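Just so it is clear, none of the values below were taken in a lab; they were calculated from the coordinates. Keep in mind it's a predicted model, so treat the numbers as computed, not measured. With ideal geometry, Cβ positions are generated from the backbone for all residues, glycine too; neighbour counts draw on all protein chains shown.
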Amino acid sequence: MPDTSRELTLYVQSKKAVTTFYRAQSPTVQTGLATAVVGASAPDVEGTASSDEPVFFLSDDQSRCVALAEEIAAQRGYHLKVVDVAKTSRLERLVTEHLKNVQTFPVLISPLGARLEGAAQFTQVGLSSIMPTELTSVRAFSYLKIRGGDLDRIRRLLEGFAEVKELHFLTGDWDMLVVLQFPPSTSNKRRVLDFVTERIRGVPEVLDTSTVVPEYSVTKFPIPH
């Protein structure tokens with residue numbers, strides 16, 4: 001049974017062109033300039049097309065959105081279905097409900113009903129947020145207790161470690177939260193803890209640490225490559 005929780009629908013709206021420049025020459029295989037097909041990377045023209053068949057064009061901004069959405073969906077393990085509402089003779093009830101109050105195309109709808117509307121929302125961050133996925137890298141979160149001193153110097157030292165991705169200064173029992181990231185090959189928790197005890201605690205001002213290594217992580221952020 002297909003996993004519908006990872007299927008998204010992208011609605012676009014092409015324009016019907018009035019042109020005499022391109023028309024089918026015969027009911028057999030056509031050559032030359034091909035009609036743009038939504039969501040396709042290569043011309044896909046059927047030989048049964050008649051000379052009266054309308055020609056549809058997708059705007060560049062919508063084409064860019066389709067390409068970016070397809071790219072990110074493939075990276076994050078989602079299946080993307082592209083529907084051109086301009087070519088739909090009648091919208092099914094489900095489609096009508098999904099497109100209620102829509103003002104701008106394209107529109108991407110997740111299985112849970114979250115949606116992006118308009119080309120401006122089709123960014124790496126926007127598309128990643130609507131397609132949560134498992135992290136392949138190993139992340140860890142380490143609380144630090146720090147002796148008073150030059151915080152700028154401590155910050156520079158910690159930022160110098162490639163594994164340190166974020167620093168958060170706190171109030172309370174702990175002074176700092178450090179977000180660490182390791183390659184997927186680092187599957188052993190001990191290696192993470194070795195880094196903390198040997199490198200992080202190697203900073204003279206770090207008095208104590210407490211580290212959490214998740215068993216499983218999901219992210220809505222873009223995945224760095």
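Under the condition of being touching a helix residue (DSSP H, G or I) at 6+ places or on another chain (Cβ under 7 Å) and either in contact (Cβ under 8 Å) with a residue 24 or more places away in the chain or buried (at least 17 other Cβ atoms within 10 Å of the Cβ) (or both), which residue from the range 163-179 is farthest from residue 136 (Cα to Cα)? First the steps, then the outcome.
Of the residues in the range 163-179, the ones touching a helix residue (DSSP H, G or I) at 6+ places or on another chain (Cβ under 7 Å) are 163-164, 167, 178.
From what is left, the residues that are either in contact (Cβ under 8 Å) with a residue 24 or more places away in the chain or buried (at least 17 other Cβ atoms within 10 Å of the Cβ) (or both) are 163-164, 178.
Working: 163: 15, 164: 17, 178: 19 Å.
Selected residue: 178.
Inspect all residues belonging to the range 133-144 and state whether any of them is assigned to a loop (DSSP other than H, G, I, E, B) and under 12 Å from the mean Cα position of the chain (by Cα). Steps first, please.
Step one: list which residues in the range 133-144 are assigned to a loop (DSSP other than H, G, I, E, B), which gives 135-137.
If we keep only those that are under 12 Å from the mean Cα position of the chain (by Cα) as well, we get none.
The answer is no, given that none of the residues of the range 133-144 is assigned to a loop (DSSP other than H, G, I, E, B) and under 12 Å from the mean Cα position of the chain (by Cα).
From the list 149, 113, exactly one residue is under 30 Å from residue 8 (Cβ atoms) and either out of contact with any strand residue (DSSP E or B) (no Cβ under 7 Å at 6 or more places or on another chain) or not in a loop (DSSP other than H, G, I, E, B) (or both). Which is it?
Exactly one residue qualifies, and that residue is 113.
When the residues of the range 181-225 are filtered to those that are in a strand (DSSP E or B) and under 23 Å from residue 148 (Cα atoms), which remaining residue is nearest to the chain's Cα centre (by Cα)?
Restricting to residues being in a strand (DSSP E or B) and under 23 Å from residue 148 (Cα atoms), the top hit is 211.
I need every pair where a residue in the range 110-132 that is on the phi < 0 side of the Ramachandran plot and crowded, with 18+ Cβ neighbours inside 10 Å has its Cβ under 6 Å from the Cβ of a residue that is assigned to a loop (DSSP other than H, G, I, E, B) and β-branched (Val, Ile, Thr), sequence separation at least 6 or different chains.
Within 6 Å, the pairs are 117/104.
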